Amino acid sequence: MKYLYFIFIILSVASIFFSQEDKHELNQSSFSFALGIDYEKEGYTVSLQLINPGEISGEKLLNNSPYIVYKAKGKTIDTALEKISMNTSRHLDLKQEQIIVLGEELARKGRLKEIVEYILHSPDIPANALIITTKGNKASELLKIFSPVEGYSALEITNTLNKLGRHVLNNASEIKVELLEDGKDISLPYIELKGDLQKGMNRDNLDTTTPAHIVFGGFGLFKDGTLKKFLDYRDSLFLQLLNGKSSGFIIESTCPAGSEKFAFKLFNGAVKKKEFKLAHDNYSFQYILNLSGDIRQYNCHGNLKDPETISQLETQINKTIQSKENKILSIAQDHELDPFGLGHSIKSKDPKAWRNVEKDWSTRIKNARLNVHSDITIQNVGNYKSRGD
Amino acid sequence: MKAKPLIGIMEMQFVMVLFLLGSAIILGIGLDAGEYSWLANLLAGITGLFLFNLYVYIWNENRHQSLNFILIAQFGRHIGFIISIVYAVYFAYIASRVLNDIVHFINSTLLHNMHPFFIKFTIFIIIIYTYSKGLEPFVRSAVIFGLVTISFLMLIPFFIVLSGNFHIDYILPFHSLDVKKIVRTVFPALVTFPYGELIVFLALLPFLKEKKALVKGGSIVIVISAILLSIFSFLTIGVLHPDLAKSYSYPLVTTIEHIGLIGFFQRLDIMAVIIFMIGCYFKITVFTFASIFVAKDCTAKWKMNHKSLVSAIFIVIIALSYLYSDNNSLHVKIGLELVPALLHVPLQIVVPALIVMFTFVRGKLA
Amino acid sequence: MKSIEDLSDSLKTNIASIQKAFHSNKELIVRTISPPFLEVKKEICLVYLDTIVDKSVIQEHILRPLLQMKDFSAAHPIHDISNTIEISNIQVILTMNELISHLTNGNTIILIEEIDQCISAATEEWKDRAFTFPQSQRVLKGPQIGFTELAKNNLSLIKRGLKNEKLVIEEQTIGAETNTSISLLYLANKVDHEILETVRNKVQSIELSSILDSSYIEESISGEQITSFPLVFTTERPDVTSGHLLEGKIAIICDGSPNVLIVPALFIQFLQSPEDYYEKPLFELTRLIRIFSFIVSIYLIPFYIALTLFHQELIPSELLINLAAQRQIVPLPVVLEVILFMLLFQVVLESSIRLPTGITLAFSIIGTLILGQSAADAGLVQLASLVVVSATYVLNFAVPIHPFANSVKMIRFFFVFLASVFGIYGIMLGTFVLVNHLCSLNSFGVPYLSPIAPLKTADLKDTLIRFPLKKIINTTKKYSKDDHIKNHKK
């Protein structure tokens, strides 16, 4: 009995000497919350945003930057990371990674798949890290921007994106799933810079009232892991509406009479039914949505107390959604994309038919038509019911 | 050896729950059946229920004796003795395999750089400690660890569903039922692990106090375990997708890694780690106890030194754990392909079936 | 060594040998009288110890009647004197040994010339303090009286709460030097006789020459199980004692100690407070909170170390940034820092108990506030470590029974060591050992973790949450006995 304790203590003490690598004091490791990957011929440029905790939490030792971005090239991501690690005095901790930013060029060259595989395989990068892409700038540049609101850009980007709702965003395994599945093309959120890049990379950016900052731009549409087209954020929201993943946003419509506008704030949107009909070579897709929301700004002339007006408004919103969705579809058709997953709905309803069209679906989608019908519940028309005069 | 009854049925049930769920739930069994893995798990549960009742039937027919006694009574002294030794080594081997499971697991989730030697030996010393305290405290501790495990298992599904990572569209709509695929998943892998491994309890059952309650109590445990395994495979598939789930080493850990709870706890996979460690600890210890009991019964007539026998078994376990376990892939490959065919099926199904046949024939002759 | 000789019939020899036995102690008063009204002149001698007798009783009820005594026959002198003195409790004594023990117990010995017997009259008066509220187990609601050092008072307090003819008191004297009286109390109809027999044997086989407090007995009867957990329940409260007796347990009262021992003791009972029964049932979650805080007080520091050293990914990122920021300026590794402060806290606790009450306030300000705060300000220690360590001790105070709260002191250090070497894996290993250890313990044949492990569903009504009294009081608890260990011992 006693020698058991003895052996145990010897073993554990011995293990201290043999494996130091697992143990890191908090001041021996530096944490990164955002990882950027950019295109490089035959490899990658990896940029790692290492944060300076003292600066961010306000316990200043030296007046240094809240975070440092290290950049290194490598044929694999790991060699690049190793190079970064060689350049820093501390142990790199990637386990806190919250977002992986892919540079636009990398996405356009179709390297998304490799990255996703890498993240799935990596023991360090957590499975729930979000993957986004950039528009206009390199990932490494965007990571260098000083964030005026949250203190460090990784958190700012994450919070900006999280506001959209969890369902809209994608982590590595979800992207992998969409890559595997037929009949749906991936769409990933992208970020872009508002303001001057040079100004944003300067610390003065923190001291001005009009800083350069990172914004959520919308969704980038991918085809087989290659970035094809950026949608602006309003279009993106309508795109996500048909995927059943949208949360509160404003739909502006024209009044039943006249050209004035009114705003409808959408709270909940769900796809109730998806159907498709094949007539000759024309695919027509019928979506029935369940929407609920409020009437906000109201410039029209109808009396809101009148149920008749409400139903007229509903028709108008319906029309807006229908036209918006068809606009997105036509954009997609131009680029031979299927971000709605129309092919997928064929596959699940009629696998036989799907097998016939699978190969040339990207061209056949040009014959697709969307027919969106929304069942709208207006929960609240406001405390003051505009009579419209 | 005449066993003193020590164990209450409740504690035995908890040991069985931990034995069945602990490692199986983390290793994500039956995920090969894709979106029908929940069905495969239920099917395996039913088969397991049948197997368990078969074991209990054998035990009841042989006057509630220990495994060694049953084998000698049915196969004669010499063949019975050899089969008993085979069982002792088999249990030791499974113990060593689970030991390797946990070492690989700890190395890949918690301590990436720790030398496996230290992990293997530290947990092994804990097992020796447990053995030195005796069967009774070990079985009792199952209640406490069982309550922890079950409460975690109750919480995790809620977290998964609430976190919004569960995609019902990964599973629905059900395509045509691929019966072949399900059956291939269930037999033999899913039936033998974890349900068939219940044969190890034949070595522990003589210590049970309430002998009559076993059939009902054990069956309840198997039903609950099968349902839980089924729920968890359903959730895992829903989070990770049918095509991807099977390619993870520890699907449940990855599943839970996706959960972010109330914005504060980013990672809950520590829960899975705790469940797995508890499960493995119980499995190794149960197998070690069983192996030692069988070996002790076998050598009873030679009056072997008790201590040296026990030490021998421990050395066998640690030695076997170095057999074909250089890397996890080889370990898993052997576990999925060779072990079920060569060890599990003969020792978990064929031998018990033979015993039942013999008992039947003898009953007819008498 | 005391002589075992019989009394002689010579008064002088007897007195001489008594004086010899007491080494001519000044305290030993020998008063020789010859009652004036007697026809036959007889010398009668009163012997007592000055400090422990009630002198007015001797004067009023022994001396005066003796001096006024008229009838005295040589035939049965003992009988006559017994009828004369006005003391309720008298005894006839034959041996020197007995005589001395009666003297030391405060009795007055009446020796008569030419008779080899004597009379012992109970005249003892022990100095005692007044009843106060129990110092270590205070409650807001419920009886506020606590035991004192005098066993007689304690017995009376218990009997007041438990007016039952089945309450048996077995008294015995142990300890060759101190002659301490020990009483076993139990309810004859509820007690388990096997356990009673074990307890009796263990108490009788105590081989200590001196017993100054009940904790001496506690240690002697706890047996050879090596553990830091108390296997005997101690209480200062009569209501708790009565409650346990009604559950079929055995109380051991040691004269000279306000702490009554109760066996067998269960793990869960150390986390129960008498207040649980005085508050509303079911919705009163204090018992759960106590259990929770006890468990957390073991695991908080180890988890803090494991998370900050090994598994930083498990810490929420905002918190991690703060922790890392604090860590930048601290010299010591987190493990040393925590161990240092654990020791320091232990010392602060220890000294604050010992110090005179006047200084305690000043000390607690210097010891805790100034020391802790300025250590953090001076950059010697990380604030988070300080918070974690002090939270541990605060949580630990939620345990109602003090010795039990102390029992995890060492275990905590053990866990800290494991966590610093193996992280969470080490904590799990420690947990396996701890739970196994707890499961292997038994208190006088009853498993320590009962009724949880082994599980007794019937007894669970009064374990984690107290059910309504109607459900728990009128049904007796069935503690499962540990056959295995008992057989093993034999």
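The values are calculated or read from the model by the stated rules, or taken from the named source; none is laboratory data. Keep in mind that what you see is a predicted model, and the values were worked out from it rather than measured. Heads up, the Cβs are rebuilt from the backbone with ideal geometry, glycines too, and the neighbour counts pull from every protein chain shown.
Odds and ends about this structure:
- Of residues in the stretch A:92-130 being charged (D, E, K, R) and not in a loop (DSSP other than H, G, I, E, B), the one surrounded by the fewest Cβ atoms within 10 Å (Cβ to Cβ): A:Glu117
- Identity of the residue in the stretch B:12-48, modelled with pLDDT under 90 and within 13 Å of another protein chain (Cβ to nearest Cβ), that ends up farthest from B:Ile349 (Cα to Cα): B:Glu35
- In summary, B:Ile171 fulfils each of the numbered conditions (1) surrounded by 16 or more Cβ atoms within 10 Å (Cβ to Cβ); (2) under 26 Å from the mean Cα position of the chain (by Cα) with the single exception of condition (2).
- Filter result for B:Asn62 (modelled with pLDDT under 90 and within 19 Å of B:Leu135 (Cα to Cα)): no
- Any hit, the stretch C:333-356, residues being within 14 Å of another protein chain (Cβ to nearest Cβ) and among the hydroxyl-bearing types (Ser, Thr, Tyr): no
- In this structure, A:Lys265 does not satisfy being assigned by TED's automatic domain parsing to the domain that holds A:Phe146 and of a type in the set (D, E, K, R).
- Among (1) among the polar types (S, T, N, Q); (2) free of Cβ contacts under 8 Å to residues at least 40 places away in the same chain; (3) part of a helix (DSSP H, G or I) - the single one B:Thr149 does not satisfy: (2)
- Residues that are touching a helix residue (DSSP H, G or I) at 6+ places or on another chain (Cβ under 8 Å) and aromatic (Phe, Trp, Tyr) within the stretch C:99-133 comprise C:Trp126, C:Phe131, listed in sequence order.
- Residue satisfying all of: in the stretch A:151-168; assigned to a loop (DSSP other than H, G, I, E, B) and within 10 Å of another protein chain (Cβ to nearest Cβ); farthest from the chain's Cα centre (by Cα) among these: A:Gly151
- A single entry from A:Pro189, A:Pro256 fulfils the requirement of being touching a residue at least 40 places away in the same chain (Cβ under 8 Å) and not in a strand (DSSP E or B): A:Pro256.
Every residue, every condition in (1) part of a loop (DSSP other than H, G, I, E, B); (2) without any contact (Cβ under 8 Å) to a residue 60 or more places away in the chain, yes or no:
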| site | (1), (2) |
| --- | --- |
| C:Ser220 | no, yes |
| C:Ser228 | yes, no |
| C:Thr241 | no, no |
| C:His244 | no, yes |
| C:Gly256 | yes, no |
| C:Leu282 | yes, no |
| C:Leu288 | no, no |
| C:Phe292 | no, yes |
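- Counted residues, the stretch B:113-125 - those being of a type in the set (A, V, I, L, M) and facing chain A (nearest Cβ under 8 Å): 2
- Only one of the numbered conditions (1) among the β-branched types (Val, Ile, Thr); (2) crowded, with 21+ Cβ neighbours inside 10 Å; (3) within 10 Å of another protein chain (Cβ to nearest Cβ) is violated by B:Ile222, and that is (3).
- Any hit, the stretch A:355-366, residues being among the polar types (S, T, N, Q), touching a residue at least 40 places away in the same chain (Cβ under 8 Å), surrounded by 16 or more Cβ atoms within 10 Å (Cβ to Cβ) and more than 26 Å from A:Gly220 (Cα to Cα): no
- Residue match in the stretch B:285-308 (condition: aliphatic (A, V, I, L, M), more than 17 Å from B:Ile102 (Cβ to Cβ), surrounded by fewer than 19 Cβ atoms within 10 Å (Cβ to Cβ) and touching a residue at least 24 places away in the same chain (Cβ under 8 Å)): yes
- Residue within the stretch C:391-411 that is in a helix (DSSP H, G or I), farther than 19 Å from A:Ile9 by Cβ and over 28 Å from the mean Cα position of the chain (by Cα) present: yes
- Taking every residue in the stretch B:256-269 that is more than 9 Å from chain A (Cβ to nearest Cβ) and part of a loop (DSSP other than H, G, I, E, B) and pairing it with any residue that is surrounded by 23 or more Cβ atoms within 10 Å (Cβ to Cβ) and at pLDDT 60 or above, at least 6 positions away or on another chain, the pairs with Cβ-Cβ distances below 6 Å are B:Leu268/B:Ile256; B:Leu268/B:Ile259.
- The stretch A:324-365, residues that are closer than 24 Å to A:Leu237 by Cβ, part of a helix (DSSP H, G or I) and charged (D, E, K, R): A:Lys324, A:Glu325, A:Lys327, A:Asp334
- The set of residues from the stretch A:132-152 being surrounded by fewer than 22 Cβ atoms within 10 Å (Cβ to Cβ) and among the aliphatic types (A, V, I, L, M) comprises just one member, A:Val149.
- Considering residues of the stretch B:310-366 that are surrounded by 18 or more Cβ atoms within 10 Å (Cβ to Cβ) and outside any helix (DSSP H, G or I) only, the residue farthest from the chain's Cα centre (by Cα): B:Ser325
- If you filter the stretch C:119-160 down to residues that are surrounded by fewer than 13 Cβ atoms within 10 Å (Cβ to Cβ) and closer than 30 Å to C:Thr84 by Cα, you find that the one that is modelled with the lowest pLDDT is C:Lys127.
- Restricting the stretch C:427-437 to residues that are more than 8 Å from chain B (Cβ to nearest Cβ) and touching a residue at least 12 places away in the same chain (Cβ under 8 Å), the residue that is nearest to C:Phe310 (Cα to Cα) is C:Ile427.
- Residue identified as buried (at least 23 other Cβ atoms within 10 Å of the Cβ), of a type outside the set (Asp, Glu) and assigned to a helix (DSSP H, G or I) among B:Asn60, B:Asn41, B:Asn53: B:Asn41
- Residues in the stretch A:221-233 that are out of contact with any Lys or Arg (no Cβ under 7 Å at 6 or more places or on another chain) and either surrounded by 21 or more Cβ atoms within 10 Å (Cβ to Cβ) or free of Cβ contacts under 8 Å to residues at least 60 places away in the same chain (or both): A:Leu231, A:Asp232, A:Tyr233.
- Residue in the stretch B:216-232 that is over 21 Å from the mean Cα position of the chain (by Cα) and over 25 Å from B:Val98 (Cα atoms) present: no
- Residues of the stretch C:293-317 satisfying the condition of being within 8 Å of chain A (Cβ to nearest Cβ) and either more than 43 Å from the chain's Cα centre (by Cα) or of a type in the set (A, V, I, L, M) (or both): C:Leu309, C:Phe310, C:Gln312, C:Glu313, C:Ser317
- Answer from A:Phe18, A:Phe8 - the residue that is in contact with a His (Cβ under 6 Å, 6 or more places away or on another chain), modelled with pLDDT under 85 and over 30 Å from A:Lys138 (Cβ atoms): A:Phe18
- Filter result for C:Val348 (part of a loop (DSSP other than H, G, I, E, B) and either in contact with a helix residue (DSSP H, G or I) (Cβ under 6 Å, 6 or more places away or on another chain) or surrounded by 12 or more Cβ atoms within 10 Å (Cβ to Cβ) (or both)): no
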